[in-house]
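The values are calculated or read from the model by the stated rules, or taken from the named source; none is laboratory data. What you are looking at is a predicted structure, and each value in this text was computed from that prediction instead of being measured. FYI the Cβ positions are ideal-geometry reconstructions off the backbone, even for glycines, and counts take in every protein chain you see. Ligands, DNA and RNA are stripped out before the accessible areas are found, and what is left, the full protein with its side chains, is counted by its heavy atoms. Shrake-Rupley method; radii C 1.70, N 1.55, O 1.52, S 1.80 Å.
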Amino acid sequence: MTDTRRLYVKSYGCQMNVYDSHRMADAMAREGFAEVQAPEDADLLILNTCHIREKAAEKVYSELGRVRLLKRKAEAEGRRMLVAVAGCVAQAEGEEILRRAPVVDLVVGPQSIHRLPALVARAAGGEAVVDTEFPPEDKFDHLAAPSRQATRVRGVAAFVTVQEGCDKFCTFCVVPYTRGNEVSRPMEKIVEEAERLADAGVREITLIGQNVNAYHGIDREGRSASLADLLWRLADIDGVERLRYTTSHPRDMTDELIAAHRELGKLMPYLHLPVQAGSDRVLAAMNRQHGRDEYLAIIERVRAARPDIALTSDFIVGFPGETDEDFADTLDIVARAGFATAYSFKYSPRPGTPAAAMEQVPEAAKRERLAQLQALIEQQWQAFNTACVGRSFDVLFEKPGKYDGQIAGRSPYLQQVQVTAPAEMIGEIARVEIVRAGANSLFGELASPAARRSGIAAAVAMEGA
Ligand code: SAH
Ligand code: SF4
Ligand code: F3S
């Protein structure tokens with residue numbers, strides 16, 4: 001009989017939730033819990049939920065219906081299964097979850113996950129536990145560091161949360177309510193975490209935050225540090241070969257951050273910069289605090305700094321009051337910007353947000369606009385990928401590929417690239433010549449040494465351009 005217990009965590013929503021799920025697993029590892037892939041085996045099952053769009057809460061309740069059956073089965077086998085709901089639905093719904101789903105033993109909000117071990121202990125004692133406080137202490141100071149082994153299992157590319165919460169209050173969005181005020185972690189804490197990751201074999205780090213470019217931490221001397229400062233500092237760490245950051249807000253795209261895209265070799269040529277809509281009227285009603293021309297001017301400056309940058313964005317169609325003309329402006333801004341890809345969503349009224357009380361666009365119009373926008377985005381994605389054929393660039397290999405003998409990695413532009421190469425190359429960066437663009441990934445061949453040299457020459461020429 002061993003006393004290792006089993007933990008199953010399912011993550012929904014954004015990368016911050018993925019990060020939090022890892023931190024919860026790390027905290028519970030110290031308590032003797034090992035992560036498993038099968039929910040039915042779990043002694044502790046955590047749903048880390050997202051509230052960003054409609055029916056998120058409803059989806060959680062129907063998932064909890066399935067969990068109830070698993071819990072019953074465990075009980076029939078004489079095992080106890082504790083069920084926890086974490087994340088943004090936990091924050092928004094709180095005790096309501098216990099009322100509607102008695103299968104749940106524990107509700108924990110995103111800012112309280114560092115208290116998870118104590119909360120689980122209380123729940124195991126039979127208490128129904130809800131913790132959705134925004135505690136005054138910083139959760140990051142109390143979170144367990146990942147073990148080397150956990151880091152290895154999670155792969156060579158890792159996320160690090162550097163900033164959390166949001167003070168911008170776009171009228172459609174729940175994040176300021178579920179994650180609270182904007183808070184930045186001190187630079188040295190992030191550096192320590194990145195050093196540990198690099199030491200365990202991580203080669204690529206993506207800095208994450210709801211408004212990551214609003215990062216304003218402090219450096220070792222207590223001076224204020226921006227995201228650009230942080231990126232430069234992290235680039236000094238041996239072993240960290242690639243840096244990315246997401247998600248950015250156009251308002252916080254500073255000159256020094258744009259300059260980093262020109263000057264900092266480890267910063268990948270990729271920028272996710274959501275604009276949401278192309279009409280000034282809609283942007284104002286959304287409280288985005290910038291207009292369409294400002295957005296277009298920002299991406300022009302970014303492209304001047306890094307001509308090959310892959311730009312991506314998010315869009316909402318059918319925001320309250322959006323007319324056909326407004327939507328035409330959205331199609332127009334997409335056509336002008338030329339994105340590598342973009343994510344688009346139908347506007348979904350969120351309880352408690354200002355836009356939920358405004359006059360709504362009929363569902364049929366939302367559906368039609370979404371289809372039109374997605375067709376245009378799909379064209380741009382195909383064009384971007386096709387333009388990569390015949391080019392060579394560095395790929396960080398992350399995992400076995402789709403077919404035997406292949407491995408898969410990421411291009412600098414974040415595309416998936418499949419290559420026939422030995423599995424030992426996973427974790428390495430190698431130059432690859434792209435030979436074909438598929439529907440979802442690129443296919444390439446390891447470049448010959450000569451091609452590698454000319455590829456490097458081309459890259460140097462481009463950087464000098
Ligand atoms: N902080 C980021 C966005 C975080 S939410 C920013 O300001 O751009 C991720 C995406 O979800 C948003 O960019 C938006 O496109 C979408 N989204 C957020 N709330 C939504 C809602 N109520 N309905 C539809 N899409 C929404
Ligand atoms: Fe939500 Fe707007 Fe904040 Fe982004 S900037 S998280 S969309 S409120
Ligand atoms: Fe969803 Fe919360 Fe992230 S609502 S998108 S999990 S911040």
Among the numbered conditions (1) touching a residue at least 40 places away in the same chain (Cβ under 8 Å); (2) touching a Ser or Thr at 6+ places or on another chain (Cβ under 8 Å), tell me where Glu256 comes up short.
(1)
Residues Glu127, Glu137, Glu95, Glu133: which one is touching a Ser or Thr at 6+ places or on another chain (Cβ under 8 Å), of a type outside the set (S, T, N, Q), open to solvent by 10 Å² or more (accessible area, probe 1.4 Å) and more than 16 Å from ligand 3 (Cβ to nearest atom)?
Glu133
Could you tell me how many of the residues in the range 23-65 are of a type in the set (A, V, I, L, M, F, W, C), in contact with a helix residue (DSSP H, G or I) (Cβ under 9 Å, 6 or more places away or on another chain) and outside any strand (DSSP E or B)?
12
For the range 155-175, which positions are part of a helix (DSSP H, G or I) and either open to solvent by 70 Å² or more (accessible area, probe 1.4 Å) or aromatic (Phe, Trp, Tyr) (or both)?
none
The lone condition Ala304 fails out of (1) among the aliphatic types (A, V, I, L, M); (2) part of a helix (DSSP H, G or I); (3) within 25 Å of the chain's Cα centre (by Cα) is (3)
So which of Val130, Val85, Val162, Val108 ends up being modelled with pLDDT of 95 or more, within 16 Å of ligand 2 (Cβ to nearest atom) and not small (Gly, Ala, Ser)?
Val162
What pairs can you find where one residue is in the range 332-352 and outside any helix (DSSP H, G or I), the other is within 14 Å of ligand 3 (Cβ to nearest atom), and their Cβ atoms are less than 6 Å apart, with a gap of 6+ or different chains?
Tyr343/Asp314; Phe345/Ile316; Tyr347/Ile316; Ser348/Arg53; Ser348/Glu54; Arg350/Val174
For the condition within 16 Å of ligand 2 (Cβ to nearest atom), closer than 21 Å to Leu98 by Cβ and of a type in the set (A, V, I, L, M, F, W, C), what is the one hit in Ala56, Ala42?
Ala56
Taking the range 340-361 and keeping residues of a type outside the set (Asp, Glu) and more than 22 Å from Ala56 (Cβ to Cβ) leaves Ala340, Thr341
Counting just the residues of the range 276-307 that are open to solvent by less than 30 Å² (accessible area, probe 1.4 Å) and in contact (Cβ under 8 Å) with a residue 60 or more places away in the chain, which one comes out farthest from Tyr413 (Cα to Cα)?
Met286
Identify the single condition in (1) at positive phi; (2) of a type outside the set (Lys, Arg); (3) in a strand (DSSP E or B) that Gly78 does not satisfy, given that it satisfies every other one.
(3)
Flagged in the range 176-203 as open to solvent by 20 Å² or more (accessible area, probe 1.4 Å), within 16 Å of ligand 3 (Cβ to nearest atom) and not in a strand (DSSP E or B), in numbering order, are Tyr177, Asn181, Glu182
Selection over the range 312-357 where residues are within 23 Å of the chain's Cα centre (by Cα), of a type outside the set (Ser, Thr, Tyr), crowded, with 21+ Cβ neighbours inside 10 Å and within 16 Å of ligand 2 (Cβ to nearest atom) yields a count of 5
Looking at the range 1-53, which of its residues are open to solvent by 40 Å² or more (accessible area, probe 1.4 Å) and within 16 Å of ligand 1 (Cβ to nearest atom)?
Ser11, Tyr12, Gly13, Cys14, Gln15, Val18, Ile52, Arg53
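Yes/no per residue for (1) in contact with a Gly (Cβ under 6 Å, 6 or more places away or on another chain); (2) open to solvent by less than 10 Å² (accessible area, probe 1.4 Å); (3) within 16 Å of ligand 3 (Cβ to nearest atom); (4) under 24 Å from Val183 (Cα atoms):
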| residue | (1), (2), (3), (4) |
| --- | --- |
| Val212 | no, yes, yes, yes |
| Arg220 | no, no, no, yes |
| Ala225 | yes, yes, no, yes |
| Asp236 | no, no, no, no |
| Val240 | no, yes, no, no |
| His249 | no, yes, yes, yes |
| Thr254 | no, no, no, yes |
| Ala259 | no, no, no, no |
| Gly265 | no, no, no, no |
